[in-house]
Amino acid sequence: MLIDKRRLALFAVSILAASGAVAVSSGTASAADCGYLFDDFHYASSADSSLTGHGWTPRTYSGGPGVPGATWSANSISFPTSGPSGDRVMQLTASTDGTAGGTNQAELYSTQKRFLDGTYASRIRFTDAPTGGTDGDHINETFFTISPLNGDLDPTYSELDISEYLPNGGWGETGPINYQTSWYTYRNDPWYADNVHSEERQSYNGWHDLVVQVANGHMIYFIDGVQVGDHSGKYYPRQTMTINWNLWFIDTAAHSGGLSTYVEQVDWVLFAKNQVLSPAQASSKAASYRSSGSAFSDTVDSAGGCSTPTSPPTSSPTSPPTSPPTSSPTPSLPPATGCSNAPEWAFGTVYTAGNLVKHEKSKYGDPSGPPSGLGKHLWRAKYWTQGSEPGWTDQWQDMGAC
């Protein structure tokens, strides 16, 4: 979501099948580790104290992505009633007259960076045409999760673009086109992107349910219950992220004069921590909150809220490969049985299922930053992994303190 030129280095991925609702397999995880975030966006305005009280921030700071010099304003976030039910929705509004000074963009994001493994779902209304003015602008309508980029090619950077909808195209592509992109890292200047993506070349005008399951080394993306992408390997998130929506202009090259205004609406959002929910289960869970009259609930940081299943799902994601298709042969690691002979974890080393390492997790998810103070633990790789720090990602099982 940060750079206008980012599509120059995207790669294709295969589509694999997945379904079911299970707790994320992490060796030591239990039902007490699970929780939910649900928000129906019943707020009066972007200045409503309940909005910030519930952990959301309307963006007001300048900078990318989008048109350099454009304005990001809290006033671009509103909560009108929409649809036959007359329910409130969160609405992002963006407009441009073709100049930087006359361009306004919108973003709402979670204040805290605390989301990682689990299921993310949101019901979103994409629009193909402006509510006013001429059509044709390179507008980007989004739903994504992200962590900060701490320097060029930050190896702990994590971002999942659950949807980037370009009704009029952009980045050299004609529209309508929709992307799901999983990021490893990037560098702004000179531009270099390390990511993988899926795409759909069709109109998504109207309401849609967007879901991504982040578990067991895979990010599996769905639109309206149909699987549209399965990404894995090093692109799996390596640290906690924020939840975001934004509406912005890739550029003003396609603008044809006057003021054009676009909107994107969000009905609800659901996050199920450490759980794999099918799209139908995610929608059902959201409906149960609404039918009970609960417009907001957050148990992500507290115990309870889910249970471990008694049986596995009827189908599951294909296991990640033991090595990526483009990798060179991996040198053998010395056998290890415990802390006494396990090697220290190294960022650049490739590990496969069963490899043991010892490592003290970092305090903030940055291996080059300060340690957590928890001491070294023994970690077992659950599948192929490289560059994912033990303690900050599902690729590693904690085998206990050394």
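Tell me the Kirkwood radius of the range 166-226: reciprocal of the mean inverse pair distance over distinct alpha-carbon atoms, in Å.
When all Cα pairs of the range 166-226 are included, the Kirkwood radius is 13.5 Å.
Say a paramagnetic label sat at a point 7 Å from the Cα of Thr337, along Cα to Cβ; which residues of the range 381-399 have their backbone N under 20 Å from it?
Correct set: 381, 399.
Okay, which of the range 246-262 sit inside 17 Å, backbone N to the point 7 Å along the Cα-Cβ direction of Ala129?
Under cut-off, by backbone N: 256, 259-262.
With a Cα-only, solvent-free Debye model of the range 34-187, what are the log10 I(q)/I(0) values at q = 0.13 Å⁻¹?
For the requested q values the scattering log ratios are -0.71.
May I ask you to list the aspartates and glutamates whose Cα is less than 15 Å away from that of Lys361, ignoring any residue fewer than eight positions away on the same chain?
Glu344, Glu389, Asp394, Asp398
Mind checking the log10 I(q)/I(0) for the range 234-289 at q = 0.15, 0.19 Å⁻¹? Debye, one equal scatterer per Cα, no solvent, two decimals.
Relative scattering, expressed as log10 I(q)/I(0), comes to -0.75, -0.91.
Which part of the range 260-289 falls in the paramagnetic zone of Asp97, meaning amide N under 12 Å from the point 7 Å along Cα-to-beta-carbon?
What the label zone holds, given the 12 Å backbone N cut-off, is 260.
Per the Kirkwood treatment, what hydrodynamic radius in Å, one decimal, follows for the range 128-205 from the mean inverse distance over all distinct Cα pairs?
13.7
Just the C-alpha atoms of the range 49-129: what Rg/Rh do they give, with Rh taken as the Kirkwood radius?
Dividing the radius of gyration by the Kirkwood radius yields 1.00.
For the peptides 118-131, 209-222, what is the packing order when you average, over each peptide's residues, the other Cβ atoms within 10 Å and list the highest mean first?
209-222, 118-131
What's the extension gain from Asp48 to Cys402 if we count 0.36 nm per residue and subtract their Cα-Cα distance?
122.6 nm
In square nanometres and to one decimal, what's the mean projected area of the convex hull around the Cα atoms of the range 6-298?
So the mean shadow area of the Cα hull is 14.8 nm².
Laboratory data are not the source of any read-out in this text; all were calculated from the coordinates shown. Since the structure is predicted, the reported quantities are computational estimates derived from the model, not experimental observations. In this analysis, Cβ positions are derived from the backbone assuming ideal geometry, glycine residues included, and neighbour counts consider all displayed protein chains.
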